[in-house]
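Coordinate-derived values only; no laboratory data. Just so it is clear, the structure is predicted and the values come from calculations on it, not from any experiment. Backbone-built Cβ (ideal geometry, glycine too); neighbour counts: all protein chains shown.
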Amino acid sequence: MRKNIIIGEPAGALSKELEEFFYEKGYDMHTVNNLKEIILMLQNQKVKLVVLDMELLKEDLDFLTIIKGMEKELPIIVCSEHNSPELEGKIRKQGIFYYHIKSFGIEDLKMAISNAVNGLSN
């Protein structure tokens, strides 16, 4: 069974970096550039993971609550260019699976994605 993963980002850079990895793993990547599309996809198909760029959230952390209200067990990975302890704390309180700082590199993100899709705790 194919595993649907939503990548929510405004620019498309993250999905380009992950494209080959997803293909090799047999994951179906669905890239969206707004929050409304994420909601529509969650309503219309079975999704294994949502990866969100912090740029798309723009401090609207309530959106994470909406996703969790729809799919309580759905793992969410939030990726951010910049980090602050306050922001990270607020995001982690939303029950996300992993908080990825882009400067840590793509390999950390790939490991988190594999763990989330395979139901492993992070």
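Whole Å is fine, so just give me how far the alpha carbon centre of the stretch 1-40 lies from that of the stretch 55-105.
A separation of 16 Å, based on Cα centres.
Which percent, to the nearest 5, of DSSP beta bridges fully inside the chain are antiparallel?
Roughly 0 percent of the beta bridges in the chain run antiparallel, per DSSP.
If you place +1 on the Cβ of every Lys and Arg, -1 on the Cβ of every Asp and Glu, and leave all else neutral, what size is the dipole of the chain about its Cα centre, to the nearest 20 Debye?
Approximately 480 debye in magnitude.
Report the extension gain between S114 and D62 in nm, rounded to one decimal, defined as 0.36 nm multiplied by the number of residues separating them, less their alpha carbon distance.
So the extension gain works out to 16.1 nm.
Within the set K3/K58; K36/K93; K36/K68; K16/K46; K16/K93, which residue pairs have Cα atoms separated by over 25 Å?
Correct reply: K3/K58; K16/K93.
Just to confirm a number: summing +1 for Lys and Arg and -1 for Asp and Glu over residues other than H82 whose beta-carbon lies under 11 angstrom from that of H82, what do you get?
-2
Give me the net charge of N4's neighbourhood, meaning all other residues with Cβ under 11 Å from the Cβ of N4; Lys, Arg count +1, Asp, Glu -1.
Taking every Cβ under 11 Å from that of N4, the sum is +3.
Exposure proxy check: D60, D53 ranked by fewest other beta carbons within 10 Å?
D60, D53
Only helical DSSP H runs with n ≥ 4 go in: add -39500 (n - 2.57) per run for the chain, normalise by residue count and round the 222 nm mean residue ellipticity to 500 deg cm²/dmol.
After summing the helix terms and dividing by the residues of the chain, the value is -13000 deg cm²/dmol.
Which number do you get for Rg(Cα) / (2.2 N^0.38 Å) in the chain?
It is 0.96.
Take K68, K36 and order them by how many other Cβ atoms sit within 10 Å, fewest up front.
K36, K68
Can you sort E88, E107, E9 so the residue with the fewest Cβ neighbours within 10 Å comes first?
With the fewest neighbours first, E88, E107, E9 line up as E107, E88, E9.
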